1. Springs between alpha-carbon atoms under 10 Å, Gaussian network over the chain: tell me which of R333, R195, R320 tops the mean-square fluctuations.
2. If you place +1 on the Cβ of every Lys and Arg and -1 on the Cβ of every Asp and Glu, how big does the dipole about the Cα centre of the chain come out, in debye to the nearest 20?
3. What does the accessible area of W145 come to, in Å² to the nearest 10, when a probe of 1.4 Å is used?
4. Taking 7 Å along the Cα-to-C-beta vector as the label spot, tell me the D303-V192 distance in nanometres, rounded to one decimal.
5. Cα gyration tensor of segment 49-88, axes a ≥ b ≥ c as square roots of the eigenvalues: rounded (a/c below 1.5), prolate (a/b > b/c) or oblate?
6. According to a simple spin-label model (label point 7 Å from Cα along Cα-to-Cβ), what is the distance in nm between S364 and D75?
7. Can you quote the Å³ per residue value for the convex hull of the Cα atoms in segment 145-206, rounded to an integer?
8. Arrange the residues K211, K106 by how much accessible surface each exposes, largest first, with a 1.4 angstrom probe.
Amino acid sequence: MTTSANHSWTHAGQGRPESHDSNPSTMAIATGLALPSGFSAVAEDPDLGPSIAMSMAKVEKVLREAIAHSDPLADATSRHLVEAGGKRIRPLLVLLAAHLGDPNRKEVVQAAVVVELTHLATLYHDDVMDSAPFRRGAPTAHEVWGNTVAILTGDLIFARASILVSELGGRALGIQARTFERLCLGQLHETVGPREDEDPIEHYLSVIADKTGSLVAASGQLGAIFAGVDESLQDVMLEYGEKVGVAFQLADDVIDVTGLKQVSGKSPGTDLREGVPTLPVLLLRNAAAAGDADAAAALALVDGDLSSDESLAAAVTALREHPVTLESWAVARQWSDAAIAALAPLPEGMVKTALASFAEAVVSRDV
């Protein structure tokens, strides 16, 4: 389960780093690292804060080494999203879970890199499917190099994640495989929509559990496993991760229709324009079908031609001002509360406090 110093990537890649130990470059990254505000409880803790910062710096260093290629095109496309930044929430959860046991095992950093690589790979694919023009403030890969190159880059990055996770042993490989299966099924089910006999809201919740919850859950589970945490607490992190991941995506979807671009980094109404069925819209359809005249009027705007900025802004405003938006926030909070409740078996301490704070921050969108 350890990494061989003589192991190399593919013939197109750079050599593997020989060590994850601290060095001046890692220290420099750690010094300049700012954790997402949702992890303020971690950042402010005099013991946990520096430990997490140093581990995240190691993750960032190994992450960049893992996506490096000697082929110039592959190197440029693979670095595109990594260098655009990101909150690195999934590796952060790996590291936090690891502090329930021994966080200094080198497998912990490797697991954290695996989940972030997997996440990055899905973003390349998602952006092609959604025809998204921007990601993290930069043009998406398919806008720069075209759809085929973007898809192949996502495949390359997932291949690197697979190399790393295979070195962590059979259990980790199984978790990764099942997680990737759920990621693909979630995207597939979102694309084809609910069956005729399936409730659209239940279908939507199932999709986001697969597309978002599964990898967040795997992050907490892998961190606990490789820190040697008791199996019962591994299960706690699995349950917590699934629920907090769903809460995170629910909140993200509500933000899309509230116009809070400065919080989410998304242009208001992106999901509306793309016809993505999010919870506020699904609740709006139910309200309109039940005879709510205001819902019907708002739905007419939502279902109309949203190609112009003016029509999109009108639809966003109508949906934001309808009670279904508040109802959607309430559903997100229910999932956040359930995630916090799942933490009950964890020992009291800063890790438990930080995980609870993150779940609360998800639905206040302080992340």
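1. R195
2. Numbers: 27 positive and 49 negative charges, 220 e Å.
I would put it at about 1060 debye.
3. Counting only protein heavy atoms, the figure is 80 Å².
4. Between D303 and V192, the simple spin-label model gives 2.5 nm.
5. Numbers: a/c = 5.57, a/b = 2.19, b/c = 2.54.
Oblate shape, in that a/c is at least 1.5 and b/c is the bigger or equal ratio.
6. About 4.4 nm, to one decimal.
7. Working: hull volume 6.1 nm³, N = 62.
Considering the Cα atoms of segment 145-206, their hull volume per residue is 98 Å³.
8. Details: K211 50, K106 100 Å².
Reading off the accessible areas and sorting them downward yields K106, K211.
The values are calculated or read from the model by the stated rules, or taken from the named source; none is laboratory data. Quantities reported herein were computed from a predicted structural model and do not represent experimental measurements. No Cβ is skipped: glycine too gets one built from the backbone with ideal geometry, and neighbour counts run over all protein chains shown. Ligands, DNA and RNA are stripped out before the accessible areas are found, and what is left, the full protein with its side chains, is counted by its heavy atoms. Shrake-Rupley method; radii C 1.70, N 1.55, O 1.52, S 1.80 Å.
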